[in-house]
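The values are calculated or read from the model by the stated rules, or taken from the named source; none is laboratory data. These figures come from a predicted structure and were not determined experimentally. Every residue, glycine among them, receives a Cβ derived from its backbone with ideal geometry; neighbour counts consider all protein chains shown.
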Amino acid sequence: MGGPAEVRYIIASRPGLAGDVTPTAAAGHARHRLTELHARMILVTGGAGFIGSNFVLDWLAGTDEPVVNLDKLTYAGNVRNLDGLAGDARHRFVRGDIADQPLLESLLADHAVRAIVHFAAESHVDRSIHGPGDFVDTNIVGTFRLLEAARAYWSALPQASRDAFRFLHVSTDEVFGTLAAGDPPFSETNQYLPNSPYAASKAASDHLVRGYHHTYGLPVLTTNCSNNYGPWQFPEKLIPLIIANALAGKPLPIYGDGQQIRDWLYVGDHCSAIRHVLESGRAGEVYCVGGSSEKANIDVVQTLCGILDAERPRADGTPYASLITYVKDRPGHDRRYAIDARKITAELGWQPAETFETGMRRTVRWYLDHQDWVADVTSGGYRDWIAKHYGG
Ligand code: NAD
Ligand code: TYD
């Protein structure tokens, strides 16, 4: 048997997702040394999830710099999000776990990676309440393994490449806990007070990332972003769930009194913030990212219902809002999140392009145009597809 990478390292050979199958040197093949072909390449983790796939698509629409995309394809990962890259040799998809350090080391060695953009995570608060173990495994242990692999790779780079290397950790505003009505929004200097297993696991990963900078000098960047919405969001999160349920004539569940506040940001604006931070952010710094768009949950749902009433009126003429149903509150439910994004705006010139209104309308239209995608992910059809193409 060869090294561990031999059995776990698969680059998809289906058309459009990569092209190369690179089973490692153990099989006697000369490795495909991208170092010689490309001076620059980024490694994206979790690039088949909601934000990661939007990021990869936006990245390759704006630059020719190739991407190696590492994703475990959990229930939340869907390679079909990346169908638009069919035949694009700049995109290499690898199915694998960020906790698999030998795989990470071999990926980094085989590709001239100049930056890691780390999205991979368990990301749903409700799931973390029912089963926190996966959140510890991926968000904490997985990030630790990724940091270890990055440190080993980075330490061995020539000085100029070491200086240019970046590890960008994508995190959340939930690490800061909850705000009361009159509190100022979260900023980079807020105390960490995570309240859910998800938030606690992300907080732990943020601390590891910080520690690797201070102790080893690894050039890290951290972003703490508010709630995202937009295309390809798995319909367990509020906005896609409400759209999917409304179109199916199902109840629209509002937790508690529906007055919890989130600061909503269109996913494309989050992706542009990450690009700004990657290119111009100062190593070791943290950047808060948000939409300056605080809305109570009930208002978000009412807005969605209004857009749907206009775009796709119900056959019986009743408004979608008649489906709103108040349900039991989430345990430990944070009351309010809000972000002060002045640092990234002042230092890096980032600003969101979408308002809440334009972003919501775009999002509803996207879901109306992609009901096959929603049906596929909710029926488990895409899991069958993964089993067929990846063997389980
Ligand atoms: P998501 O759940 O849609 O996607 C996560 C992706 O990571 C999936 O493709 C999944 O297959 C992959 N993954 C999970 N475990 C893995 C592992 N062990 N190894 C490799 N891949 C693995 O999540 P998202 O909403 O796209 O969030 C991406 C990142 O952004 C997360 O780190 C999250 O904490 C952060 N974030 C999300 C939001 C939001 O509103 N969604 C806001 C701020 C920050
Ligand atoms: P969610 O999309 O799960 O994101 P997060 O918990 O990370 O903020 O939820 C957004 C808000 O919507 C949150 O306050 C919980 C609430 N919510 C509901 O009221 N009903 C639902 O069915 C869901 C999924 C969420």
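Do you know which residues across segment 150-187 are over 30 Å from ASN227 (Cβ atoms) and either acidic (Asp, Glu) or not in a loop (DSSP other than H, G, I, E, B) (or both)? Those that are over 30 Å from ASN227 (Cβ atoms) and either acidic (Asp, Glu) or not in a loop (DSSP other than H, G, I, E, B) (or both): ARG151, ALA152, TYR153, TRP154, SER155, GLN159, ALA160, SER161, ARG162, ASP163, ALA164.
Yes or no, residue by residue, for (1) surrounded by fewer than 23 Cβ atoms within 10 Å (Cβ to Cβ); (2) part of a strand (DSSP E or B); (3) at positive phi:
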| position | (1), (2), (3) |
| --- | --- |
| ILE243 | no, no, no |
| PRO253 | yes, yes, no |
| VAL277 | no, no, no |
| ARG282 | yes, no, no |
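Considering segment 206-235, and only residues there that are more than 8 Å from ligand 1 (Cβ to nearest atom) and touching an Asp or Glu at 6+ places or on another chain (Cβ under 7 Å), the residue that is farthest from VAL136 (Cα to Cα) turns out to be LEU221. The sole residue among TRP366, TRP350 that is in a loop (DSSP other than H, G, I, E, B), modelled with pLDDT of 95 or more and within 16 Å of ligand 1 (Cβ to nearest atom) is TRP350. Looking at ASP309, ASP316, ASP269, just one residue is at pLDDT 95 or above, surrounded by 19 or more Cβ atoms within 10 Å (Cβ to Cβ), of a type in the set (D, E, K, R) and away from ligand 2 (no atom under 14 Å from the Cβ), and that residue is ASP269. Of the set (1) assigned to a helix (DSSP H, G or I); (2) closer than 25 Å to PHE234 by Cα; (3) modelled with pLDDT of 95 or more; (4) not β-branched (Val, Ile, Thr), all apply to ARG80 but (3). For segment 189-229, a residue qualifies if it is within 13 Å of ligand 2 (Cβ to nearest atom), surrounded by fewer than 24 Cβ atoms within 10 Å (Cβ to Cβ) and part of a loop (DSSP other than H, G, I, E, B), and the qualifying residues are PRO194, ASN195, SER196, ASN227. Taking the criterion of being acidic (Asp, Glu), surrounded by 15 or more Cβ atoms within 10 Å (Cβ to Cβ) and away from ligand 2 (no atom under 15 Å from the Cβ), the residues of segment 323-380 that qualify are ASP340, GLU347, GLU354, ASP376. One residue alone among ILE129, ILE116, ILE98 is among the aliphatic types (A, V, I, L, M), more than 18 Å from the chain's Cα centre (by Cα) and closer than 28 Å to ASN227 by Cβ, and that residue is ILE129.
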